[in-house]
Each structure stands twice: as structure tokens, then as C-alpha cells.
Amino acid sequence: MTTPSTTEYVPAAKRRRRVGRGTVLILGVVVIPVALGAALNSYGPLTEDTAIRMAFATVAGKTITILSAIIAVTLTIQRRYAWPAILGMVLIAALITTWAIGGMASAGDLLLERLDLVAEVDRLNR
């Protein structure tokens with residue numbers, strides 16, 4: 001007589017696919033800001049509305065860039081990388097953040113230039 005087996009086969013838990021920090025940086029620094037800029041660009045005549053929309057798209061893209069840099073640093077720390085990797089990612093994030101803040105400032109300047117151009121064209125048309 002055989003005894004019933006008390007051990008049951010339990011399938012191994014499925015591993016969740018982890019998002020890499022490189023993927024976060026590529027999507028957040030390149031893909032999403034370019035897509036925002038292309039989607040909200042003015043393909044017609046320049047008006048006050050289109051100038052403001054393009055400026056907001058730039059600022060939104062740069063904000064996503066900064067957030068993705070912070071997320072990449074967080075992933076690096078959370079996954080317990082070595083200290084040189086953490087410091088390197090912090091340096092990369094600092095450079096990306098500095099670049100993005102500069103881009104936000106230039107978006108403001110460009111918005112003022114575009115609004116001045118719209119006002120000048122409007123004045124010349126009257």
C-alpha cells in the first residue's frame with residue numbers, strides 16, 4: 001500500500017519585470033518630452049494661445065525630465081547598487097536637473113519673445 005504524498009507542487013512565483021533606470025531615463029528625458037513638444041507644437045500661425053501652449057509643453061516636458069532623474073536615483077538606491085553607481089547616478093541626475101531648469105528658463109524667455117512678435121504683427125496689421 002502506498003501512502004499519499006503530502007507535498008504538493010507549487011509553481012514558482014512569477015517574477016515581476018522590473019523597469020530599469022536606463023529605461024526610466026530614456027523615456028523621461030527623451031521620448032516623453034519630444035512627444036509633448038510634437039503634440040502641442042503650433043503647426044499653424046503663431047497666436048497668443050499657441051505660444052502659451054508651446055511654453056507649457058516645454059515646462060511640462062522638463063518637469064517630467066526632472067522627475068525621471070529623481071526616480072532613477074531612487075531606483076539605484078532602492079536596488080542597493082554600489083556606492084560608485086549611486087554617486088554616478090546622483091551626478092547624472094544633477095546634470096539633467098540643471099539642464100532642465102535652464103530649459104524652463106529659456107522657455108519663459110522664448111514665450112516673451114513670441115508674445116512680443118504676436119503683438120507686433122497685430123499692431124502692424126491695424
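Read the figures in this text as sums done on the coordinates, not as results from a lab. Everything quoted here is computed from the prediction, not taken from an experiment. Methodologically, a virtual Cβ is constructed for each residue, glycine included, from the backbone with ideal geometry; neighbour enumeration extends over all protein chains shown.
Okay, here's what the table says:
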{"quantity": "Among (1) of a type outside the set (S, T, Y); (2) buried (at least 16 other Cβ atoms within 10 Å of the Cβ); (3) over 25 Å from V19 (Cβ atoms) - the single one L117 does not satisfy", "calculated": "(2)"}
{"quantity": "Set A35, A51, A72: member being within 25 Å of D116 (Cβ to Cβ), among the aliphatic types (A, V, I, L, M) and surrounded by 13 or more Cβ atoms within 10 Å (Cβ to Cβ)", "calculated": "A51"}
{"quantity": "Tabulated pairs, the stretch 88-100, first touching a residue at least 12 places away in the same chain (Cβ under 8 Å), second among the charged types (D, E, K, R) and surrounded by 17 or more Cβ atoms within 10 Å (Cβ to Cβ), C-beta under 8 angstrom, 6+ apart or interchain", "calculated": "M89/R21; A100/K62"}
{"quantity": "Residue in the stretch 5-21 that is in a helix (DSSP H, G or I) and at negative phi present", "calculated": "yes"}
{"quantity": "Positions within the stretch 105-119 being without any contact (Cβ under 8 Å) to a residue 60 or more places away in the chain and within 13 Å of T47 (Cβ to Cβ), in sequence order", "calculated": "A119"}
